[in-house]
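Report on one structure; see the data block that follows.
The values are calculated or read from the model by the stated rules, or taken from the named source; none is laboratory data. Bear in mind that the values here come from a model prediction, so they are computed numbers and not experimental data. So basically every Cβ, Gly included, is an ideal-geometry build from the backbone, and we count neighbours across all protein chains shown. Protein only, heavy atoms only, side chains kept; ligands, DNA and RNA dropped before computing areas. Shrake-Rupley method; radii C 1.70, N 1.55, O 1.52, S 1.80 Å.
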Amino acid sequence: MDEEWTPLDCLLPSGKQRICLIILNQPLDKDHLDILWSKALLRACADGAANQLYNITAGDRDNFLPDYISGDFDSITEEVKAFYADKGCKLIETADQDLTDYTKCLAIMLEEIQRRELQVDTIVTLGGLAGRFDQTMASVETLFHAQSMTQLPVLIIQETSLAYLLRPGNHRLGVNTSLEGEWCSLIPVGGPCQTVTTGLKWNLNNQVLQFGKLVSTSNTYEPTAPGSPRKPVTVTTDQPLLWSMGIHINGKTD
């Protein structure tokens, strides 16, 4: 079994993961932004995400200057573009229409991590799971691209949801940060997945997850005695499998 990895460590003030941050063009949760921004070794906006960052940091924008903004620049406003350019933020135009701005932004981040010789544990994406359904699916599709681009975990957080694509193999997920919500899911987005789990209320015992047959949505964690720590979730899968989970933070519930 692989070493335990805690998806929500990045949202803990005491968390140990060294992260880089990509922001997407969807409404931002300021609490998530503050904690992730303070931890990030590298910070980037994908195109219109710069508008979101500009708006939510009004009155404090000089403390929230991204290292770069990339995209085809069809969403960023001229006012926002001029502001960040004037502040010295790098603007990188990526015209390729076969890839999303998220995928292209991730590619640039991986190049920057290598160029700067940064020691990184996780790439966190803020935004990407709300609004238009096709854009949500595009975010998930980028997670598939990411598996051939890097060995680093790439996850997406939006409000009270997290999504992370598990590679084929064995996984041990820490789910005892107190930030976990009640629900979790294993979704075979790319195709059938033969799956074994422990630590869930409804575990899978070498069953095949597949659309039209069986999908493990609205699952939850194995019950524990009051005061006892929650057991890790283990997942073995033969194909990429989407793990999603609820987040409980600052009075918000999943």
Self-check item: Solvent-accessible area per residue, Å², over the chain with all protein chains present [probe radius 1.4 Å]
Solution: 46
Quiz item: Any idea how far apart K16 and Q151 come out in nm if each label point goes 7 Å out from Cα toward Cβ?
Solution: 1.9
Quiz item: What FRET efficiency would be calculated for the residue pair D72, D134, taking the C-beta separation as r and a Förster radius of 22 Å, to the nearest 0.05?
Solution: 0.80
Exercise. Could you work out how far the C-alpha centroid of segment 69-105 sits from that of segment 211-236, in angstrom?
Key: 40
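If you restrict to DSSP beta bridges whose two residues both lie in the chain, what percentage is antiparallel, to the nearest 5?
Numbers: 33 of 53 bridges.
That works out to approximately 60 percent antiparallel.
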Exercise. Give a residue-ordered list of calculated ³J(HN,Hα) values for segment 170-187 (Karplus: 6.51 cos²θ - 1.76 cosθ + 1.60, θ = phi - 60°; whole Hz; x for Gly, Pro).
Key: 9, 9, 10, 9, x, 9, 10, 8, 6, 8, 5, x, 7, 9, 8, 8, 10, 10
Quiz item: With every protein chain present, what accessible area does R18 have (1.4 Å probe, heavy atoms only), rounded to the nearest 10 Å²?
Solution: 100
Self-check item: Distance in nm between pseudo-label sites at E222 and F144 (7 Å out along the Cβ direction from Cα)
Solution: 3.2
Quiz item: How large is the helix-only mean residue ellipticity at 222 nm for the chain, computed as the sum of -39500 (n - 2.57) over DSSP H runs with n ≥ 4, divided by its residue count, in deg cm²/dmol to the nearest 500?
Solution: -7500 deg cm²/dmol
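Run the accessible area of segment 163-203 with a 1.4 Å probe and give the carbon-and-sulfur part as a rounded percent. Numbers along the way, then the final one.
Numbers: 800 of 1600 Å².
For segment 163-203, the apolar C and S fraction of the accessible surface comes to 50 percent.
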Self-check item: Heavy atoms of H248: accessible area, 1.4 Å probe, square angstrom to 10
Solution: 80
Quiz item: Got a number for the accessible area of Y164? Probe 1.4 Å, square angstrom, nearest 10.
Solution: 30
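When only the heavy atoms of the protein chains count and the probe is 1.4 Å, how do L241, L110, L214 rank by accessible area, highest first? Please list the in-between numbers first.
Details: L241 0, L110 35, L214 65 Å².
Per-residue accessible area, sorted high to low, gives L214, L110, L241.
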Exercise. Grab the Cα-Cα distance for E182 and D121, subtract it from 0.36 nm times how many residues apart they are, and report the gain in nm with one decimal.
Key: 19.4 nm
Quiz item: Can you give the extra length, in nm with one decimal, that the chain gains between K231 and L65 once fully stretched, where that is 0.36 nm per residue apart less the Cα-Cα distance?
Solution: 55.8 nm
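Which FRET efficiency value, to the nearest 0.05, is calculated for A58 and K90 with the Förster distance at 25 angstrom and r the Cβ-Cβ distance? Intermediate results must be reported in sequence, preceding the final value.
Details: r = 22 Å, r/R0 = 0.89.
Once rounded, the FRET efficiency stands at 0.65.
Only sites in a loop by DSSP and with at most 12 other Cβ atoms within 10 Å count here; which GluC sites (Glu not before Pro) in segment 101-145 make the cut? Each step should come with its number before you reach the end.
On the way: sites: E111, E112, E117, E141; in loops: E117.
Filter output for segment 101-145: E117.
Quick one: of K39/K90; K16/K90; K104/K201; K39/K81; K30/K104; K39/K213, which pairs are farther than 31 Å apart, Cα to Cα?
On the way: K39/K90 20 Å; K16/K90 28 Å; K104/K201 38 Å; K39/K81 25 Å; K30/K104 25 Å; K39/K213 41 Å.
Long pairs (Cα-Cα over 31 Å): K104/K201; K39/K213.
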Practice problem: Give the calculated FRET efficiency between E79 and V215 to the nearest 0.05, with a Förster radius of 45 Å applied to their Cβ-Cβ distance. | Solution: 0.55
Exercise. Report ³J(HN,Hα) in whole Hz for each residue of segment 112-120, in order, from the Karplus equation J = 6.51 cos²θ - 1.76 cosθ + 1.60 where θ = phi - 60°; Gly and Pro get x.
Key: 5, 4, 5, 5, 8, 6, 7, 9, 10
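Order D9, D60 by their accessible area, 1.4 angstrom probe, all chains in place, largest first. Numbers along the way, then the final one.
Working: D9 25, D60 65 Å².
Of D9, D60, the descending order of accessible area is D60, D9.
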